[in-house]
Structures are given as C-alpha cells and as structure tokens.
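Reviewing the structure listed below.
The values are calculated or read from the model by the stated rules, or taken from the named source; none is laboratory data. Predicted model, so just to flag it, every value in this text is computed and none were measured. Positions of Cβ are generated from backbone atoms using ideal geometry, with glycine treated the same way; all protein chains shown enter the neighbour counts. Only protein heavy atoms, including side chains, enter the accessible area calculation; ligands, DNA and RNA are left aside. Shrake-Rupley method; radii C 1.70, N 1.55, O 1.52, S 1.80 Å.
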Amino acid sequence: MVALARAATVLGMPLVVTTTAADSMWGPTTPELVQALPAGQKIIDRSTVNVWHDDRVRGAIEATGRQKLIFAGVSLEVCAALPALSATAAGHDAYVAVDASGTFSQAQRETGLLRMHQACVVVSDYATLMVEALADNASPEAGALYAALDMPFAVLVGQISTACRA
C-alpha cells in the first residue's frame, strides 16, 4: 500500500485516504503510509465498514472527477472489495490492487476475489495499475515511478540501459 501511495503521488493522482476508528478499535494509520502520502494529505476517520457509505469519503472521491478508481485496504474482501462493488454499481470503473490489500484468511480472500469478479471489478497488482497509468516509459515521471514502486529490478534495468548508452 505504501508503494501504491508513493507511485500514485508521482503520477499526480488524487488520493482519498481513510482510516476506521483511529482512536479505538483499529488504531491510527501506519506511519510508513503517512510518510508516503503527499504533504498535507487529509485522512478521513470514519466508522462505516464500506467507505462508499460515508458521505465525506464518497464526496471526496466524486470530487476528484475520476471515472476510474483504484481501491486498496487492510482487508481485501471488506476494505477494498466493498467500496469497489459500490463504486461499480454507481457507474465507476473500479480497480482493486490485490497485493496492496491484506486479508485475515485465505477463504475470505478467495471469496472476495470471486465476488469482485462477478461484479466486473478489475483486480490487478499495484505495480501493473501504476505502470498502466504511466502509459509511456518516455514520460518524465517514469524513473520516479519505477523507484516509487519498489521494483529493484526495474532500477537495475534502467542503470544498465544508461550505462550502455554512455
């Protein structure tokens, strides 16, 4: 999730970040994620299980003007799947970064994936979603994006390519 946040920031994508019951049940947002967010990024503390059901969150998402939405969460089957299902029902194209989302059991993960598949939510890995958004490796953001994705092999390939051109 941290690499996803860093990569989205490199690409200038708007982020809507939430936590659930930060002062009690689930605790605050992990410091590593907070550090990866753009300076001044608001984190919406909510009580709803499905973030789409919180008017502040849904309003912030809709205010981005984006049709294509990427979701990730502590639990794939709840925190990522439920809002993705709701966003799809509301007419958005929803994507879930599976490897940027956790789970509490393999059975929950598998049923969450099946449920999303049945509802036409696109499931992928975070790096592929970000590289797809980049679209062109000649983009000025390409180097920073690959570094943000925590893909050491991509950095190595870039270094070899640079050395060969020298």
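Can you classify the stretch 1-68 as rounded, prolate or oblate using the Cα gyration tensor, where a ≥ b ≥ c are the square roots of its eigenvalues, rounded means a/c under 1.5, and otherwise it's prolate if a/b beats b/c and oblate if not? Walk me through the intermediate numbers first.
Values: a/c = 2.25, a/b = 1.12, b/c = 2.02.
Oblate, since a/c reaches 1.5 and b/c is not below a/b.
What value, in deg cm²/dmol to 500, does the helix sum -39500 (n - 2.57) over DSSP H runs of n ≥ 4 give at 222 nm once divided by the residues of the chain?
Working: 8 runs with 76 residues, N = 166.
Taking each H run of at least 4 residues, the total per residue is -13000 deg cm²/dmol.
Test of understanding: in a Gaussian network model of the chain with alpha carbons linked when under 10 Å, which of Ala81, Ala133, Ala90 would top the mean-square fluctuation ranking?
Per the Cα network of the chain with a 10 Å cutoff, Ala90 tops the list.
Under 8 Å for C-alpha pairs, at least 6 residues apart: give me the relative contact order for the stretch 45-166, rounded to a whole percent. Walk me through the numbers before you get to the answer.
Working: 136 pairs, mean separation 22.8, N = 122.
Averaging sequence separation for qualifying contacts and normalising by length gives 19 percent for the stretch 45-166.
Around Ser75, which amide H atoms from residues at least 5 apart in sequence, or from another chain, sit under 5 Å from its own amide H, with H modelled in the peptide plane?
Ala80, Gly102
Counting other Cβ atoms within 10 Å of each Cβ, which trypsin sites (Lys or Arg not before Pro) in the stretch 14-105 have at most 15 and sit in a DSSP loop?
On the way: sites: Lys42, Arg46, Arg56, Arg58, Arg66, Lys68; in loops: Lys42, Arg66.
Passing sites in the stretch 14-105 are Lys42, Arg66.
Could you please state how large a percent of the accessible area of the stretch 85-141 is carbon and sulfur, counting protein chains only and using a 1.4 Å probe?
Numbers: 1720 of 3180 Å².
With neighbouring chains kept in place, the figure for the stretch 85-141 is 54 percent.
Quick one: accessible area per residue over the chain, 1.4 Å probe, rounded to a whole number of Å²?
Values: 9270 Å² over 166 residues.
Here the per-residue accessible area is 56 Å².
Does the chain come out rounded, prolate or oblate, given a ≥ b ≥ c as the square roots of the eigenvalues of its C-alpha gyration tensor, rounded meaning a/c under 1.5 and, failing that, prolate meaning a/b above b/c? Don't jump to the answer; show the numbers that get you there.
Numbers: a/c = 1.80, a/b = 1.61, b/c = 1.12.
Judged from the Cα gyration tensor, the chain comes out prolate (a/c at least 1.5, a/b above b/c).
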